[in-house]
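Visitor: Before we start, here is the structure in question, set down as structure tokens.
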Amino acid sequence: MVMKKPAKPKRTAPRTSRPLPDDACPACGTLMTETRGRRSLPVNGEQVSVPSVKYLRCPKCDEIMLRFQDARRLHEDAIAIYRKQHGLLSADEIRAIRERFSLKQADLAQLLHLGGNTVSRWESGRNVQTASMDILLRLIRDLPGSIDYLRKHAA
Ligand SMILES: [Zn+2]
């Protein structure tokens, strides 16, 4: 872990307190230590437990902080676990369905009457599809002619 020395305050800066290193505890200023453990995150209002999450913990006051990259990873892992628990299509399965019909992400979004970035968010694991969208995607995959039907009824 990189520990940066606190930068010297600039004389001209109107700042009254000493700047803290990146890994300093926001509550007490102690340098936090990197650790791994189980954390939970709400997905669709449901707490999803994610194993082996990387985070920073303050040895003095127990404050916990996630770096931006680790917070994003936790969010994506929670969504993948949620999909598995609810029997929803995974990000890769959604991509495979779309590619089978040679559709761009925006094309599939349009056929499903969704916002332009929705399919992109499903496939990158940033958002989870609803149960009703999940069954529609399965229809597209399993029912011949369903793409043609959706094209006829495209917005
Ligand atoms: Zn602290």
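Visitor: Among (1) modelled with pLDDT of 95 or more; (2) under 29 Å from His86 (Cα atoms); (3) within 16 Å of the ligand (Cβ to nearest atom), which single condition is Leu66 missing?
Guide: (1)
Visitor: Residue pairs, Cβ under 6 Å, 6 or more apart or interchain, first in the range 114-139 and of a type in the set (Asp, Glu), second assigned to a helix (DSSP H, G or I). List them.
Guide: Every condition considered, the pairs that remain are Glu123/Ala91; Glu123/Ile94; Glu123/Arg95.
Visitor: Just to be sure I understand, how many residues within the range 133-155 are within 29 Å of the chain's Cα centre (by Cα), open to solvent by less than 80 Å² (accessible area, probe 1.4 Å) and not aliphatic (A, V, I, L, M)?
Guide: Of the residues in that region, 3 qualify.
Visitor: Of the residues that make up the range 84-96, is at least one more than 30 Å from Arg36 (Cα to Cα), part of a loop (DSSP other than H, G, I, E, B) and open to solvent by 70 Å² or more (accessible area, probe 1.4 Å)?
Guide: no
Visitor: Still on this structure, I have one more. Taking the range 21-56 on its own, how many of its residues are open to solvent by less than 80 Å² (accessible area, probe 1.4 Å) and within 16 Å of the ligand (Cβ to nearest atom)?
Guide: Qualifying residue count, the range 21-56: 14.
Visitor: Could you please let me know if Arg100 is open to solvent by 60 Å² or more (accessible area, probe 1.4 Å), within 30 Å of Leu150 (Cα to Cα) and modelled with pLDDT of 95 or more?
Guide: In short, yes.
The values are calculated or read from the model by the stated rules, or taken from the named source; none is laboratory data. These numbers come from a predicted model, not from an experiment. So basically every Cβ, Gly included, is an ideal-geometry build from the backbone, and we count neighbours across all protein chains shown. Heavy atoms of the whole protein, side chains included, go into the accessibility calculation; ligands, DNA and RNA do not. Shrake-Rupley method; radii C 1.70, N 1.55, O 1.52, S 1.80 Å.
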